[in-house]
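Comments concern the structure below.
The values are calculated or read from the model by the stated rules, or taken from the named source; none is laboratory data. Bear in mind that the values here come from a model prediction, so they are computed numbers and not experimental data. Methodologically, a virtual Cβ is constructed for each residue, glycine included, from the backbone with ideal geometry; neighbour enumeration extends over all protein chains shown. When the accessible area is computed, the model is the full protein with side chains, heavy atoms only, and any ligands, DNA or RNA have been set aside. Shrake-Rupley method; radii C 1.70, N 1.55, O 1.52, S 1.80 Å.
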Amino acid sequence: MRRAPWRGPVGVIGLGLMGGSLSRELASRGLPVYGHDADAATVEEAISLGVLKASFSDSLAELGKLEVVVIAVPVNHAAQALAWTIPHLSPDCVVTDVGSTKRSILKAAQRLGIADRFVGSHPLTGGHRSGWRASHRDLYAWQRVFLCPTAETSADALARVTALWELVGALPEVIDAE
């Protein structure tokens with residue numbers, strides 16, 4: 001496994017099975033993780049367990065410090081979550097998601113003007129349970145993750161997202177969104 005070329009803060013939007021598991025794994029490896037979930041109790045528990053460094057404040061100022069943001073909400077809410085974060089991100093923050101479909105989120109990234117720093121991710125893992133309580137470390141270990149860059153995705157963005165997945169033990173593979 002290669003070491004990530006960055007050690008800066010990561011943001012995870014959605015702390016269910018996928019986002020919660022990723023947050024747990026990244027935090028266990030020493031990365032500062034900021035998070036948000038529609039359920040405030042989930043965020044409080046994640047902070048109390050040391051998984052999250054903090055949640056996002058009402059001003060969303062924390063988003064400006066992040067190097068990578070992972071959208072981990074249901075597919076039908078992903079474009080909205082993407083649009084919600086973009087105005088607050090630094091220009092060099094890379095964005096990915098964990099949704100099971102890619103064309104709509106890639107089109108949203110293009111429409112929102114971040115196609116150069118967006119890489120769609122589709123982890124081929126999961127479980128029959130959902131939510132924060134179902135999340136756990138090692139969900140991604142030895143699991144394939146399809147990476148779907150846009151036509152405009154920079155080499156740096158693809159390298160960072162690849163390194164993110166390798167850091168948690170996944171096996172990233174670049175494929176076309178189709």
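So, in the stretch 22-56, exactly how many residues are among the polar types (S, T, N, Q) and either in contact with a Cys (Cβ under 9 Å, 6 or more places away or on another chain) or closer than 19 Å to GLU166 by Cβ (or both)?
2
What are the residues in the stretch 141-178 that are in a loop (DSSP other than H, G, I, E, B) and either farther than 22 Å from GLY127 by Cα or at pLDDT below 95 (or both), if any?
Residues satisfying the conditions are THR150, ALA151, GLU152, THR153, SER154, ILE175, ASP176, ALA177, GLU178.
Only one of SER90, SER59, SER121, SER104 is over 17 Å from VAL161 (Cβ atoms) and not in a helix (DSSP H, G or I); which?
The match here is SER59.
Considering only residues that are assigned to a helix (DSSP H, G or I) and buried (at least 22 other Cβ atoms within 10 Å of the Cβ), which ones fall in the stretch 69-84?
Within the stretch 69-84, ALA78, LEU82 qualify.
With respect to GLU44, is the statement that it is in contact with a strand residue (DSSP E or B) (Cβ under 9 Å, 6 or more places away or on another chain) and part of a helix (DSSP H, G or I) true?
For GLU44, the condition - in contact with a strand residue (DSSP E or B) (Cβ under 9 Å, 6 or more places away or on another chain) and part of a helix (DSSP H, G or I) - is met.
Please tell me if ARG117 is in contact with a helix residue (DSSP H, G or I) (Cβ under 8 Å, 6 or more places away or on another chain), modelled with pLDDT under 95 and more than 16 Å from GLU178 (Cα to Cα).
No: the conditions fail for ARG117.
Pick from LEU26, LEU66: which is buried (at least 22 other Cβ atoms within 10 Å of the Cβ), out of contact with any helix residue (DSSP H, G or I) (no Cβ under 8 Å at 6 or more places or on another chain) and closer than 21 Å to ALA159 by Cα?
Answer to the selection: LEU66.
Report whether or not HIS128 is farther than 22 Å from GLU62 by Cβ and in a strand (DSSP E or B).
Spelling it out, it is not the case that HIS128 is farther than 22 Å from GLU62 by Cβ and in a strand (DSSP E or B).
Which of the residues belonging to the stretch 158-174 are among the β-branched types (Val, Ile, Thr) and crowded, with 17+ Cβ neighbours inside 10 Å?
Within the stretch 158-174, VAL161, THR162, VAL168 meet the criteria.
Out of all the residues in the stretch 107-118, which are crowded, with 16+ Cβ neighbours inside 10 Å and part of a helix (DSSP H, G or I)?
Passing the criteria: ALA108, ALA109, ALA115, ASP116, ARG117.
As an exercise: evaluate THR125 against (1) among the β-branched types (Val, Ile, Thr); (2) touching a strand residue (DSSP E or B) at 6+ places or on another chain (Cβ under 7 Å); (3) closer than 17 Å to GLY14 by Cα and give the number of the one condition it does not meet.
So THR125 meets the others, but not (2).
Name the residue, out of LEU60, LEU49, that is open to solvent by less than 20 Å² (accessible area, probe 1.4 Å), over 20 Å from VAL119 (Cα atoms) and not polar (S, T, N, Q).
LEU60
Evaluate the stretch 1-23: report whether one residue or more is open to solvent by 40 Å² or more (accessible area, probe 1.4 Å) and modelled with pLDDT of 95 or more.
Checked against the condition, which is being open to solvent by 40 Å² or more (accessible area, probe 1.4 Å) and modelled with pLDDT of 95 or more, the stretch 1-23 yields no hits at all.
Pick out the one residue from ALA134, ALA177, ALA141, ALA155 that is within 26 Å of ILE86 (Cβ to Cβ), open to solvent by less than 40 Å² (accessible area, probe 1.4 Å) and of a type in the set (Gly, Ala, Ser).
Going through ALA134, ALA177, ALA141, ALA155 in turn, the sole match is ALA177.
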